[in-house]
Amino acid sequence: MNWPQLLSSHRLGQKQDVYDQSRSAFEQDYDRIIFSHPFRRLQDKTQVHPLPVEDFVHTRLTHSLEVSSVGRSLGKKVGEEILKRHPELNEKFSLFDFGAIVAAASLAHDLGNPPFGHAGEDAISDFFRLHPKGQSLKPFVNECEWADLTQFEGNAQGFRLLNQKQYGLKLTAATLGAFTKYPCPAFFPDRDKSKKSQKKFGYFESEKEMFQTVASQLGLAKVNNDSWSRHPLAFLVEAADDICYGIIDLEDGCRLGLVNINEAVDLMSAILKEQFNRQKANKIIGITEKLGVLRAMTINRLVEECTAMFLDQEQDILAGKFDQALTDSIPSRDALKEISKISVEKIYRARTVVEIEASGHAVLPGLLEEFVTTGQSLQGINASRKYENLQLMLPEEIRWQLTQQPENTYSMIRLIVDFISGLTDRHALSLYRKIKGIAV
């Protein structure tokens, strides 16, 4: 792989590239994402905790903005050194291009996540794996399509959203490449989970050809018929996410009283090492101020370590030989693992988190059962008055698309999953109550 091709500003679906003197193509990507409808919906999607009354904690929206900020820093720091190592790049690119690509991809990294956090992904998968209505659809799809449905993946849903015509994003190949952390499909018999890029999957069968086009445009190294090496900047997007949810989830847990302030300080001091001054930390009055100072210092330290690791591994990354998370390789990896362990024990299994996950496992399969039947009715299968009414609850563009391919069951299911996974937490719960007659 080579940097000039990896930094392609070509937009998929656009015959001729349009240049803007005031903004680079990658800065335009960032702006297109931040003004998009799917991004706006992240405001009411759970990050870890459902919105509490006592204090403000992160939603998917604030998390995405913070990941994007950290991603921009990583991209610029890496870009500055890459431009020194490859001076021929300076004619067309600047360190700000590296920063903008990583920032845009980071901003979009959670767009495909359904309501109710990661439990929502499991709930959608379980509908097709375990629910009688979901299982009844298996004979009407092929093996690859069934793998998609029984393993709902937010990353693949995000790639689908970024490439749907109705949102008009038409992002650059570079941003789409950096966004795709898992450049392989769901049905992948030769998957090697020791490789981070194959731990999950990054596109559905419905977008398979589209990703192949992206990979070809960027010159991604092909591993085999079913997978490619990651775009190098995808490692930075992943690192930005790992840094933010590791440190900021800890901060939220401390604010909510799930983690003791002294324990949180000790966990962050293990990363800061010689930079940590306990006497100075003890002089900071108030949990909010203390956490804020230590969080900023800790994130900065992790950004420096991830930048150094990326640059050390640049040649292996370009050759497709390096395939692990940067945060699993840096000097602070053990301290981060300890934070993750504490977070699982005290934050991710807190009562409020478990309650929201339980809601997801009831609400999403319930909605899927009703709206898959509604989708079938729009494809010509006889429907009762109930499902004729539910048709009107679907967005107009989905109703129209469902009538265009009356024989394609997989396409119908994908459209219904688009609708359900795109709902906010509150909208999903409200809609479920209404169609079940719990609330009018």
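The values are calculated or read from the model by the stated rules, or taken from the named source; none is laboratory data. Keep in mind that what you see is a predicted model, and the values were worked out from it rather than measured. Backbone-built Cβ (ideal geometry, glycine too); neighbour counts: all protein chains shown.
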Subject >> Hits in the stretch 192-209 - residues which are out of contact with any strand residue (DSSP E or B) (no Cβ under 9 Å at 6 or more places or on another chain) and either among the basic types (Lys, Arg) or not in a loop (DSSP other than H, G, I, E, B) (or both) >> reply: Lys193, Lys196, Lys199, Lys200, Glu205, Ser206, Glu207, Lys208, Glu209
Subject >> Residues located in the stretch 316-375, provided they are in contact with a Gly (Cβ under 6 Å, 6 or more places away or on another chain) and under 18 Å from Met268 (Cα atoms) >> reply: Leu336, Ile339, Ile347
**OP:** Might you check whether a residue that is more than 30 Å from Ser227 (Cα to Cα), among the β-branched types (Val, Ile, Thr), outside the structural domain of Gly75 (by TED's automatic domain parsing) and modelled with pLDDT of 85 or more occurs anywhere in the stretch 264-277?
**Re:** yes
Subject >> Test result for Ser430, polar (S, T, N, Q), part of a helix (DSSP H, G or I), outside the structural domain of Leu161 (by TED's automatic domain parsing) and surrounded by 19 or more Cβ atoms within 10 Å (Cβ to Cβ) >> reply: no
Subject >> Unmet criterion (only one of (1) of a type in the set (Val, Ile, Thr); (2) crowded, with 18+ Cβ neighbours inside 10 Å; (3) over 22 Å from the mean Cα position of the chain (by Cα)) for Ile261 >> reply: (2)
Original post:
Restricting attention to the stretch 410-417, does a residue exist that is touching a Pro at 6+ places or on another chain (Cβ under 7 Å), modelled with pLDDT of 85 or more and closer than 22 Å to Phe204 by Cα?
Top reply: no
Subject >> Candidate set: the stretch 196-209, residues that are surrounded by 17 or more Cβ atoms within 10 Å (Cβ to Cβ) and not small (Gly, Ala, Ser); chosen: the one nearest to Ile317 (Cα to Cα) >> reply: Lys196
**OP:** Just need a number here: residues in the stretch 89-123 that are closer than 18 Å to Arg160 by Cβ, in a helix (DSSP H, G or I) and of a type in the set (A, V, I, L, M).
**Re:** 3
Original post:
Hey, does the stretch 229-243 have a residue that's more than 23 Å from Lys199 (Cα to Cα) and either at pLDDT 90 or above or among the small types (Gly, Ala, Ser) (or both)?
Top reply: no
Original post:
So Leu218 clears everything in (1) under 19 Å from Phe159 (Cα atoms); (2) among the hydrophobic types (A, V, I, L, M, F, W, C); (3) in contact with a Cys (Cβ under 7 Å, 6 or more places away or on another chain) except one condition, right? Which one?
Top reply: (3)
**OP:** Enumerate the pairs (first residue in the stretch 90-115 and under 13 Å from Leu176 (Cα atoms) and in the same structural domain as Arg60 (by TED's automatic domain parsing); second residue anywhere and in a loop (DSSP other than H, G, I, E, B) and modelled with pLDDT under 95) with beta-carbon separation below 7 Å, excluding pairs fewer than 6 apart on the same chain, so at least 6 apart or on different chains.
**Re:** Ala100/Ser24
